[in-house]
1. Quick check on region 8-33: of everything there that is touching a residue at least 40 places away in the same chain (Cβ under 8 Å) and closer than 11 Å to residue 81 by Cβ, which residue is nearest to the chain's Cα centre (by Cα)?
2. Can you go through 17, 74, 98, 67 and tell me which one is touching a helix residue (DSSP H, G or I) at 6+ places or on another chain (Cβ under 9 Å), modelled with pLDDT under 85 and assigned to a helix (DSSP H, G or I)?
3. Quick one: which residue in 133, 148, 156 is more than 30 Å from residue 22 (Cα to Cα) and in contact (Cβ under 8 Å) with a residue 60 or more places away in the chain?
């Protein structure tokens, strides 16, 4: 009886969790689409208006980069948290693939945004380059951290494969 209550509770919580993730993902997707619309508007103003073309285009690039990052996060949430039926223990390779994909998206968004800020700061005031450079450095640190994670997890996978092979050899020897 207790197991039945526990299973129904887990199913309910999984449903609530999927609904929450879907709502957040849909909201992020909607915001990303609105930002794309805004970026297109900035490009239209740059081409057709009496404004500084470079400033409007850099703004459009920055907004488009943020929109792309939001879209990728939304896609990630839907694929990983809503659509995928998760086992309680996912294998290491699936976890590594998901985390690598997500962190790569974040690193690309950070670096592209930093480059846009560097171009903007270079055109206006060189003294404002500190923030964009720090942002670019943080993107580089994300990539370095991801590389360290991948290196460590590859070593763990190798050890697991060796242990599994040793276990299989011991079983066949008996």
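1. Applying the filter and picking the extreme gives 25.
2. On the way: 17 fails: modelled with pLDDT under 85; 74 fails: modelled with pLDDT under 85; 67 fails: modelled with pLDDT under 85.
None of the other options fit; the residue is 98.
3. 156
Residue-wise test of (1) over 30 Å from residue 158 (Cα atoms); (2) in the same structural domain as residue 156 (by TED's automatic domain parsing); (3) in contact (Cβ under 8 Å) with a residue 24 or more places away in the chain.
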site	(1), (2), (3)
35	yes, no, yes
49	yes, no, no
67	yes, no, yes
101	no, yes, yes
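This table checks each residue for (1) within 17 Å of the chain's Cα centre (by Cα); (2) loosely packed, with under 14 Cβ neighbours inside 10 Å; (3) closer than 23 Å to residue 55 by Cβ.
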| position | (1), (2), (3) |
| --- | --- |
| 95 | yes, yes, no |
| 101 | yes, no, no |
| 105 | yes, no, no |
| 110 | yes, no, yes |
| 117 | no, no, yes |
| 120 | no, no, yes |
| 123 | no, yes, yes |
| 126 | no, yes, yes |
| 134 | no, yes, yes |
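The values are calculated or read from the model by the stated rules, or taken from the named source; none is laboratory data. A quick note: this is a predicted structure, and the numbers were derived from the prediction, not measured. All Cβ positions, glycine included, derive from the backbone under ideal geometry; neighbour counts span all protein chains shown.
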